[in-house]
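The next block holds one structure in the form of structure tokens; read it before the comments.
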Amino acid sequence: MSTTTTAASSIANEIQQEVMERKPFSIVAFLKNRWFLYAISLTAFFALWKYVDYTRVLGNGIAAPEKVVVAIYRLMIDTVAGKSLWGHTWASLNRILIGFAIASSIAVPLGILMALNRYVNAVVKPVFDLIKPMPPFAWISCAILWFGIDEPSKIFIIVVGTFVPCLLNSYMGIRLIEPQLYDVVRMLGGSRRDEILQVGFPAAFPAIFAGLQISLSIAWTCVLSAELVSARSGLGFIIIQGMQLARPDFVLAGMVVLAFWAWATTLIVTYLEKFLCPWKRETSLA
Amino acid sequence: MNATVEAAENRRVKIEVKDLTKSFGNLLVLDDISFNVAQGEFLSIVGPTGCGKTTFLNALSKLIPTTKGNIFIDGEEANPKKHNISFVFQEPTCMPWRTVRDNVAYGMEVKGFSKARLEERLRYILDLVGLTTTADLYPNQVSSSMEQRIAVARAFAVDPDLLLMDEPYGQLDVKLRYYLEDELVSLWKALKSTVIFVTHNIEEAVYVAERILVLSNKPTKIKAEVKVDLPRPRSLIDPKFVEIRKQVTELIRWW
Ligand SMILES: Nc1ncnc2c1ncn2[C@@H]1O[C@H](COP(=O)(O)OP(=O)(O)OP(=O)(O)O)[C@@H](O)[C@H]1O
Ligand SMILES: [Mg+2]
């Protein structure tokens, strides 16, 4: 048996290795260097921003980059409507977490159930298709009429907005599984339960996660929209306050902080997925 | 002639296929097929493309219902929940979320092997097919020929009463195919499984099998049965080997 083993492992020589190509240093290589180009791109962007502020082509509608940094710092120490920047960030984040949790905990199981059972699908799908094309923001007036201007209406908008991608991705995730993978379970004598638990869920997992990721970025759009319409807290509220006080540095500060948190929360989900689905090949998502 | 394996006629009948008929709507694919397979026999089935080889194996493994007829294992109607049937599909079917090791172990998990027995057998099988060094990789980190070997290892690992293989090496290059055919034969000898091996490569069939069933075009019947009574390891240029290969080729060229 040992002879087979050695022969076999020489054929089974499949360990993957990362190849690092080292090129000699040269001016051209330096100019083509990715990081160098990144630096150029960013420098040009900030220079243009500074220039637009300096020439006053937008009047008082814009603040210089360093003013925005100062504004962020000020907002962190001072309070607007009784809350510092941290408080407002938490207000927005809190709405997102609640809305996102409600939507995903209903939409993901429902999507899976629709994909697994055609009766559930036949009952839910027509209504879902009717609601699906509606932009979430279209609900805002209804939300205020039904839930008032407090937290529930904002959370409602987030739930409506994130529900659709959560459900669609879980549904497609189960539907697009190779039927042959189910055959593997069946030919080995596995039950329908084995098919769902051992093939259905793990195979659909990446798609479900993609849905969660899309939902999360939609949630940020939704919370902002809701806060711009009516709120006493949140990053959208800071932006609106800046506008009403004619303080472009506050507006931009709100935007920058919002972008940062939207990026950070998406990053968390990306890493969570990498941790939970280590079998997925690295795909670059710019 | 074959020293290690007793002649098939003298062995106990393991699998009985009786009047197996399958049609899809009006299309009659399998027409009243009957045959037996002996305990521990290596049976090869050759037939033209589209004649219903995959359909035939799907019916044997109960993945699809038959129109008429049945298959008996040890005299009992075949049932994947009760009998130990294993199937290597035409396309690789590894589970991407399981490592090579866990893929090979999957069948044993479904069959409810005890932990100790599973571990022991897993080590033995991984070693036998040379997957020990790659055991912790995921299927997308190995080439697709390796994936097919994983599927073969998974199928053998459950110690099946009946092992069905559907052109598992159809897509591989010749060198690797020869290698894997040898590996398959040694697995079969070591584990004493009953194997039905479907292919449309005649040379492959003659190389691995003890007996070959030649299928006709649709509606498919068994056209001929050829015994391959050659010692192993077989040589592709042995005059007797060439003679049998020609005989099977003639049978297929007939129509
Ligand atoms: N689910 C199905 N519904 C209708 N017709 C089918 C179905 N499955 C197979 N067939 C038909 O049965 C015939 C046999 O198909 P099968 O896949 O079994 O052939 P095969 O011998 O395995 O071919 P190959 O050598 O290409 O693998 C084909 O004509 C095919 O069109
Ligand atoms: Mg086929």
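What follows is calculated from the coordinates using simple rules that are stated; it is not laboratory data. Treat the numbers as computed from the prediction; the structure is a model and nothing was measured. Using ideal geometry, Cβ is built from the backbone for each residue, glycine included, and neighbour counts are taken over all protein chains shown.
Observations, loosely collected:
- Here the label points at residue B:176 and residue A:39, each 7 Å from Cα along the C-beta direction, are separated by 4.6 nm in the simple model.
- GNM top mover of A:238, A:131, A:218 - chain A, alpha-carbon springs below 10 Å: A:131
- The modelled label-to-label distance between residue B:10 and residue A:255, using points 7 Å beyond Cα along the C-beta direction, is 9.0 nm.
- Expressed in Å, the radius of gyration and Dmax of the Cα atoms of the range B:82-200 are 13.2, 40.
- Pairs exceeding a 22 Å alpha-carbon distance, out of B:68/B:223; B:62/B:111; B:14/B:82; A:274/B:111: A:274/B:111.
- Extension gain from residue A:276 to residue A:90, taking 0.36 nm per residue of separation minus the Cα-Cα distance: 64.3 nm
- Across the range B:130-147, rounded Karplus estimates of 3J(HN,Hα) from the backbone phi angles (6.51 cos²θ - 1.76 cosθ + 1.60, θ = phi - 60°) give x, 9, 4, 6, 9, 4, 9, 7, 8, x, 6, 9, 10, 6, 6, 5, 5, 4 Hz, Gly and Pro being marked x.
- Along chain A, longest interval not containing exposed trypsin sites (Lys or Arg not before Pro), exposed being DSSP loop plus at most 16 other Cβ atoms within 10 Å: A:57-231
- Computed FRET value (nearest 0.05) for residue A:145 with residue A:101, which takes r as the C-beta separation and R₀ as 30 Å: 0.75
- Chain B, Rg to Rh (Cα coordinates; Rh as Kirkwood inverse mean 1/r): 0.95
- Chymotrypsin sites (Phe, Trp or Tyr not before Pro) restricted to the range B:80-185 and DSSP loop, no more than 11 other C-beta within 10 Å: none
- Spin-label model, residue B:249 to residue A:217: label points 7 Å out along the Cα-to-beta-carbon direction sit 5.9 nm apart.
- Chain B: angle of helix B:174-191 to the longest principal axis, Cα-based, in degrees nearest 10: 80
- Across chain A, the longest piece that holds none of the GluC sites (Glu not before Pro) lying in DSSP loops with up to 14 other C-beta atoms within 10 Å covers A:22-281.
- Cβ charges +1 (Lys, Arg) and -1 (Asp, Glu), total dipole of chain B, debye: 220
- Every pair of different Cα atoms in the protein assembly as shown enters the Kirkwood calculation, which places the hydrodynamic radius at 28.4 Å.
- Number of partner chain Cβ atoms within 10 Å, mean per residue of B:137-146: 3
- Computed magnitude of the charge dipole of the protein assembly as shown (debye, nearest 20; Cβ of K, R +1, Cβ of D, E -1): 940
- GNM flexibility winner over chain B from B:68, B:227, B:81 (Cα, springs under 10 Å): B:81
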